[in-house]
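Encoded as structure tokens, here's the structure I'll be asking about.
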Amino acid sequence: MVIDSIEIRDELLDTPLVQYLVEMFSRSSSGSQLLTVTTWLSSNLFMHKPNFEKVKEIIPKAWNLLHVKVPEVVKYALKIFLSATLDSQEAIEYTFKNLNTIKVASFLSDKSIEMREIAIKILNNICTGTTEMVNEVIETNCLPIIKEMMRDNSNLAQSACSLVANIAAGDIDHIEELIVLKMFEEASKVVFDSKNALVFVTLKKNRLRKRRSG
């Protein structure tokens, strides 16, 4: 089955397809082709912001798939979380509650660049949420890895800068964490996007000025 348009996707969501997929997740063995196809199809349903209420039942099942030893299954499961965290605030919060950020952060060190890119984008999206969400991302101890990614010549550097910018837009404690790790200095070296570095430096100055005046 190929979902090549939003219209077809929405028509499918008006059928019992999601319930069927949830059942297949429970029935399929971890190394089966059926599980791979089920996860792939599920990831397609989450693209382009569907009615979240119609697909949210898949989220808890997708979490269990991150422990499967089949790279394709894990990749599609991560893509489900990526699409869900690009949706509404409600979708981000629901996904966050059904996701272990430590497990997601572990993929930042995966040998696959694609897996690393998906993982950092998920964490970046989570950091657009509440203080609790940002705290949990920081507590995964992923910031040193993020710092290394800012030295990368691929899209990883841009994603790393974006994540730092979202953290910097939060509480003063988050800013202090970034300062201690010298994240702003590292961001200023990312020559492909000097605007990012300017934003970071401005945020840093504003936060420090606010703290000293308080």
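Can you give me the angle between helix 17-27 and the longest principal axis of the chain, using Cα atoms only, in degrees from 0 to 90, rounded to the nearest 10?
On a 0 to 90 degree scale, this one is about 90.
Please arrange MET133, MET183, MET115 by how many other C-beta atoms lie within 10 Å of their C-beta, fewest to most.
MET115, MET133, MET183
Sticking with this one: With a sphere of radius 12 Å drawn around the Cβ of GLU117, what net charge do the other residues whose Cβ falls strictly inside it have (Lys, Arg +1; Asp, Glu -1)? Intermediate results must be reported in sequence, preceding the final value.
On the way: positive: LYS75, LYS79, ARG116, LYS121; negative: ASP110, GLU114, ASP152.
My count for the surroundings of GLU117 gives +1.
Now a separate question. How far is helix 71-84 tilted, in degrees, relative to the longest principal axis of the Cα atoms in the chain, given as a value from 0 to 90 rounded to the nearest 10?
Value to nearest ten degrees: 70.
Please determine, in degrees from 0 to 90 and to the nearest 10, the orientation of helix 155-168 with respect to the longest principal axis defined by the Cα atoms of the chain, where the helix direction is its Cα long axis.
70
Based on the Kirkwood radius over alpha-carbon pairs, what value in µm²/s does the Stokes-Einstein equation return for the translational diffusion coefficient of the chain at 4 °C and 1.567 mPa s?
Translational diffusion coefficient: 71 µm²/s.
While we're looking at this one, here's another question. So, R0 is 22 Å and r is the distance between the beta-carbons of LYS103 and SER32; what FRET efficiency does that work out to, to 0.05?
Numbers: r = 22 Å, r/R0 = 1.00.
Step by step, r from the Cβ atoms, then E = 0.50.
Values quoted throughout were computed directly from the atomic coordinates according to the rules given, and no laboratory measurement underlies them. Computed from a predicted structure; not experimentally measured. Backbone-built Cβ (ideal geometry, glycine too); neighbour counts: all protein chains shown.
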